[in-house]
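Down below is the structure, laid out as structure tokens.
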2 protein chains.
Amino acid sequence: MTTITQPRMTPTAIRILETAEGLFYAHGLRAVGVERIADEAGTTKKTIYDRFGSKDGLITAYLRQRCDRWHSHATSYVEEHEPEPSRARVLAVLDALDSWMAVNRRGCGFVNAYAELAGTGHNGLSIIAEEKIWTRDYYIGLLTELGVPDPGPRGRELALVHEGAIVQLTAGAQPEAMADARELMRRLIDDGVAAEEAPATWG
Amino acid sequence: MTTITQPRMTPTAIRILETAEGLFYAHGLRAVGVERIADEAGTTKKTIYDRFGSKDGLITAYLRQRCDRWHSHATSYVEEHEPEPSRARVLAVLDALDSWMAVNRRGCGFVNAYAELAGTGHNGLSIIAEEKIWTRDYYIGLLTELGVPDPGPRGRELALVHEGAIVQLTAGAQPEAMADARELMRRLIDDGVAAEEAPATWG
DNA sequence: ACCTAACCATACCGGTCGGTATACTTGCAG
DNA sequence: CTGCAAGTATACCGACCGGTATGGTTAGGT
């Protein structure tokens, strides 16, 4: 097996990666063979192995790319809809998720990948954890902007609700999950802001 | 393919199912072949197909069994530790999850199965959704016991946090997730109870 | 003119997959 | 005594898996 840490992203490599992202997300990692990716990308297995070294290398690149895509979707959505620090800006992250899930109807691609990779020593596992931490820290950052006290624990709570919503919406087949999460997050953000306006004086 | 809806649970079938549960959870559905299950269960593929009809049939039986196992773990844990209606009794569901996750260190088996089955028309998908709804309704039931107003939305919120905790703990590699979830749920339950003690008079 | 990177086409490798077929043994119920 | 259900053992099937080998084409840089 040839190990390729930094794939050279030639035009064909980009096409391969885009096809792989679609197929891996839609059907799962093991369910999709390298040959199928080659066919649907209009290339050959040879080129895939030349660029990515192995299927595991391709999976790692897939996770990295999907990570980037979610980050840029979330930040650009928030920046576009709520450019100024506010409670609505924090809530906009969940709206970004909502619009993301409208197109990604098969749950969280990272959780799904975790389901197939956990226990193996696969490189992709660290990317998965990285993504969960990024989203959590994104919430924390927006709360910090707002001057909410204890933004760490408060942001981590929002992230819990965020992740729970995805699971209940998809695996749980509960269409109301996103609205539930929004209502709960709205309340949690309000409480956090209230704690700032009236800091604890009774303790 | 022979379809078997109601497997006859002979002693060997029980052994097969127990082995399958361990392997499917530990490695994933597609990662485990029927032959390996047969070997580790000390039987043959023939017997597996005689009892369960197909690998999909075995997967369905696995999900059904795991569902039952979680339900009985949760209820017996709650009944044992907090037999009387109380806030602690609601919180005990999360404690039950905590003790469950101490042994099941590869995330939620149902979410993991969803990751591999979503999109296919697999029978198991309904069992997965069923489990998520059962846990949600378990929370709702315990809040109803407590006389909390609006137990439906309140219980759904607790379930969101519950599911989020599993994801952050495993895929997110965040050890503090369970403690975060506990603290948040404690607050949410307190708020719900407070709403009961001082019912809305300002609206 | 020459080299090299990128790519395509195809055939091949050993191994594993889900699933089936055949034939034999065991134990119990009528 | 017989029949049947349950289980073992083993060989087999076509399909697909990840990965490699070989050889040829094209285009850009020097």
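Here's the yes/no breakdown for (1) touching a Lys or Arg at 6+ places or on another chain (Cβ under 8 Å); (2) near DNA strand D (Cβ under 10 Å from one of its atoms); (3) over 21 Å from B:HIS122 (Cβ atoms); (4) hydrophobic (A, V, I, L, M, F, W, C):
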residue	(1), (2), (3), (4)
B:ARG15	no, yes, yes, no
B:PHE24	no, no, no, yes
B:HIS27	no, no, no, no
B:ARG30	yes, yes, no, no
B:ILE37	no, no, no, yes
B:LYS45	no, yes, no, no
B:SER54	no, no, no, no
B:GLY57	no, no, no, no
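Considering the range A:1-14, and only residues there that are modelled with pLDDT of 95 or more and surrounded by 16 or more Cβ atoms within 10 Å (Cβ to Cβ), the residue that is nearest to DNA strand C (Cβ to nearest atom) turns out to be A:THR12. Restricting attention to the range B:87-112, the residues that are more than 8 Å from every other protein chain (Cβ to nearest Cβ) and buried (at least 16 other Cβ atoms within 10 Å of the Cβ) add up to 15. Restricting attention to the range A:40-61, the residues that are in contact (Cβ under 8 Å) with a residue 60 or more places away in the chain and under 19 Å from A:PRO11 (Cβ atoms) add up to 0.
Taking B:LEU158, is it outside any loop (DSSP other than H, G, I, E, B), in contact (Cβ under 8 Å) with a residue 24 or more places away in the chain and not β-branched (Val, Ile, Thr)? In short, yes.
Condition first: of a type in the set (A, V, I, L, M, F, W, C), away from DNA strand D (no atom under 12 Å from the Cβ) and modelled with pLDDT under 95. Can you find one or more residues in the range A:62-69 that meet it? No, there is no match, as no residue in the range A:62-69 is of a type in the set (A, V, I, L, M, F, W, C), away from DNA strand D (no atom under 12 Å from the Cβ) and modelled with pLDDT under 95. Scanning for something surrounded by fewer than 24 Cβ atoms within 10 Å (Cβ to Cβ) and not aliphatic (A, V, I, L, M), does the range B:166-175 turn up at least one residue? Within the range B:166-175 (the criterion being surrounded by fewer than 24 Cβ atoms within 10 Å (Cβ to Cβ) and not aliphatic (A, V, I, L, M)), the answer is yes, since at least one residue qualifies.
Just give me the residues in the range B:19-39 being surrounded by fewer than 16 Cβ atoms within 10 Å (Cβ to Cβ), more than 11 Å from DNA strand C (Cβ to nearest atom) and without any contact (Cβ under 8 Å) to a residue 24 or more places away in the chain, in sequence order. The one that is surrounded by fewer than 16 Cβ atoms within 10 Å (Cβ to Cβ), more than 11 Å from DNA strand C (Cβ to nearest atom) and without any contact (Cβ under 8 Å) to a residue 24 or more places away in the chain: B:GLY22.
Within the bounds of the range B:146-153, is there any residue that is more than 9 Å from chain A (Cβ to nearest Cβ), closer than 26 Å to A:GLU131 by Cα, touching a helix residue (DSSP H, G or I) at 6+ places or on another chain (Cβ under 6 Å) and surrounded by fewer than 19 Cβ atoms within 10 Å (Cβ to Cβ)? No, because not a single residue in the range B:146-153 is more than 9 Å from chain A (Cβ to nearest Cβ), closer than 26 Å to A:GLU131 by Cα, touching a helix residue (DSSP H, G or I) at 6+ places or on another chain (Cβ under 6 Å) and surrounded by fewer than 19 Cβ atoms within 10 Å (Cβ to Cβ).
Okay, residues lined up against (1) part of a helix (DSSP H, G or I); (2) within 14 Å of another protein chain (Cβ to nearest Cβ):
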| site | (1), (2) |
| --- | --- |
| B:ARG30 | no, yes |
| B:GLU35 | yes, no |
| B:ILE48 | yes, no |
| B:ILE59 | yes, yes |
| B:TYR62 | yes, no |
| B:HIS73 | yes, no |
| B:GLU79 | yes, no |
| B:PRO83 | no, no |
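Within the range B:179-197, which residues are more than 10 Å from chain A (Cβ to nearest Cβ) and modelled with pLDDT of 95 or more? Give the steps one after another, and end with the answer.
Narrowing the range B:179-197 to residues more than 10 Å from chain A (Cβ to nearest Cβ): B:182, B:186, B:189-190, B:192-197.
Within the range B:179-197, B:ARG182, B:ARG186, B:ILE189, B:ASP190 meet the criteria.
The values are calculated or read from the model by the stated rules, or taken from the named source; none is laboratory data. Since the structure is predicted, the reported quantities are computational estimates derived from the model, not experimental observations. Every residue, glycine as well, gets a Cβ built from its backbone with ideal geometry; the counts of neighbours run over all protein chains shown.
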